[in-house]
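First the structure, in the form of structure tokens, and then the observations on it.
The values are calculated or read from the model by the stated rules, or taken from the named source; none is laboratory data. As the structure is a prediction and not an experimental result, all values here were calculated from the model. Counting neighbours? That spans all protein chains shown, and the Cβs are built from the backbone with ideal geometry, glycine included. Accessible surface areas use protein heavy atoms only, side chains included; no ligands, DNA or RNA. Shrake-Rupley method; radii C 1.70, N 1.55, O 1.52, S 1.80 Å.
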Amino acid sequence: MNYRHAFHAGNFADVFKHAILARILVYLTRKDAPIRFIDTHAGVGLYDLLGAQGRQNPEWQAGIARCRDPWPEDVAALLAPYLATVGALDSEGATHAYPGSPVIAQMLTRPQDRLNFCEKHPADRALLQENIGHDARIRVLDGDGYTRLNALVPPRERRGLVLIDPPFEAPDEFTQMQQAVVKAHHKWAQATYVLWYPVKDQNAERLAMSLVAAGIRRILRLQINIGALGDGKLTQCALLMINPPYVLEQEARVMLPALCERLAQGPNSSFSIDWLAGE
């Protein structure tokens, strides 16, 4: 799966992933103590949905564009931090600056927090540096994100969040992800880890079970399926979270039914919430 994100920005997977990411950041920043945010595959940070790539493959039309209409009050309250980072949408539901995870993290963290963004593609890294501005809290790092993660943990901050959201360009991506998480968790066990991945074959289930077999506990899995389209496009993805906030399951049970209904593209849309290893 070759996934250059500029062609998919703002799609259903982004809405799902970024809404949950925002909830975790809101929780982690409630206490005064600083956090460390590490993004292993950061991308460029901002995406122009009205630009050439967004127009060529406008998946955002079935994603963020569907978020313009009002939500039920309880859902709206939970989605508010994420939608605030997106900002105003035009009449089609698009924006010239849809935020990737680096910008969402930048906007939802505080002066005392520190953020590390890893991006191995030189052109994307240069754009990321340009897009996030001169923020003294941020370091943009080159090289392989999995290797960088091992060097970055444990940070001096006791609490933090690691986001692993690769482009799935490598055939052994699931294996690399599993090995990196197990190694990092051994060094920084109290952190929250968020893994995004497509659900297309047995690799997804093998990843989940391998983390359980490695002895990692408190693993929450959220999954969304927008319905079978029959055209080979991604229709299902998941977030695997280690040490999620205690309130996240409850919040997900409010958000996911509404997101699933709003983002559905076929009759078989569904979502699931399950603990793989302990609550």
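Which residues, taken from segment 1-40, are within 26 Å of GLY93 (Cβ to Cβ), at pLDDT 90 or above and in a loop (DSSP other than H, G, I, E, B)? Within segment 1-40, ALA9, GLY10, ASN11 qualify.
Residues that are small (Gly, Ala, Ser) and open to solvent by 10 Å² or more (accessible area, probe 1.4 Å) within segment 222-247 comprise ALA228, GLY230, GLY232, listed in sequence order.
Scanning segment 167-219 for residues that are among the basic types (Lys, Arg) and in a helix (DSSP H, G or I) returns LYS183, LYS187, ARG206.
What number of residues in segment 161-177 are out of contact with any His (no Cβ under 6 Å at 6 or more places or on another chain) and within 15 Å of SER101 (Cα to Cα)? Residues flagged as out of contact with any His (no Cβ under 6 Å at 6 or more places or on another chain) and within 15 Å of SER101 (Cα to Cα) within segment 161-177 amount to 5. Quick check on segment 82-94. Is at least one of its residues within 30 Å of ALA184 (Cα to Cα) and open to solvent by less than 50 Å² (accessible area, probe 1.4 Å)? Within segment 82-94, one or more residues are within 30 Å of ALA184 (Cα to Cα) and open to solvent by less than 50 Å² (accessible area, probe 1.4 Å).
Looking at segment 223-246, is at least one residue among the charged types (D, E, K, R), touching a strand residue (DSSP E or B) at 6+ places or on another chain (Cβ under 8 Å) and closer than 14 Å to ALA13 by Cα? Scanning segment 223-246, I find no residue that is among the charged types (D, E, K, R), touching a strand residue (DSSP E or B) at 6+ places or on another chain (Cβ under 8 Å) and closer than 14 Å to ALA13 by Cα, so the answer is no. Scanning segment 168-188 for residues that are open to solvent by 30 Å² or more (accessible area, probe 1.4 Å) and touching a residue at least 12 places away in the same chain (Cβ under 8 Å) yields GLU169, PHE174, GLN176, GLN178, GLN179, VAL182, LYS183, HIS185, LYS187. All of ARG137, ARG159 fail the test of being modelled with pLDDT of 95 or more and in contact with an Asp or Glu (Cβ under 8 Å, 6 or more places away or on another chain), apart from ARG137.
Within segment 189-212, the set of residues being surrounded by fewer than 17 Cβ atoms within 10 Å (Cβ to Cβ) and touching a Leu at 6+ places or on another chain (Cβ under 9 Å) comprises VAL199, LYS200, MET209, VAL212.
Mind telling me which of the residues ILE216, ILE224 ends up being over 20 Å from ARG148 (Cβ atoms) and in contact with a His (Cβ under 7 Å, 6 or more places away or on another chain)?
Numbers: ILE224 fails: in contact with a His (Cβ under 7 Å, 6 or more places away or on another chain).
Of the residues listed, the single one that is over 20 Å from ARG148 (Cβ atoms) and in contact with a His (Cβ under 7 Å, 6 or more places away or on another chain) is ILE216.
For segment 248-275, the candidate set comprises residues that are modelled with pLDDT under 95 and of a type outside the set (Gly, Ala, Ser); within that set, the residue that is least open to solvent (accessible area, probe 1.4 Å) is GLN265. For segment 238-246, the criterion of a residue being in a helix (DSSP H, G or I), over 19 Å from GLU205 (Cα atoms), in contact (Cβ under 8 Å) with a residue 12 or more places away in the chain and under 19 Å from the mean Cα position of the chain (by Cα) is satisfied by no position.
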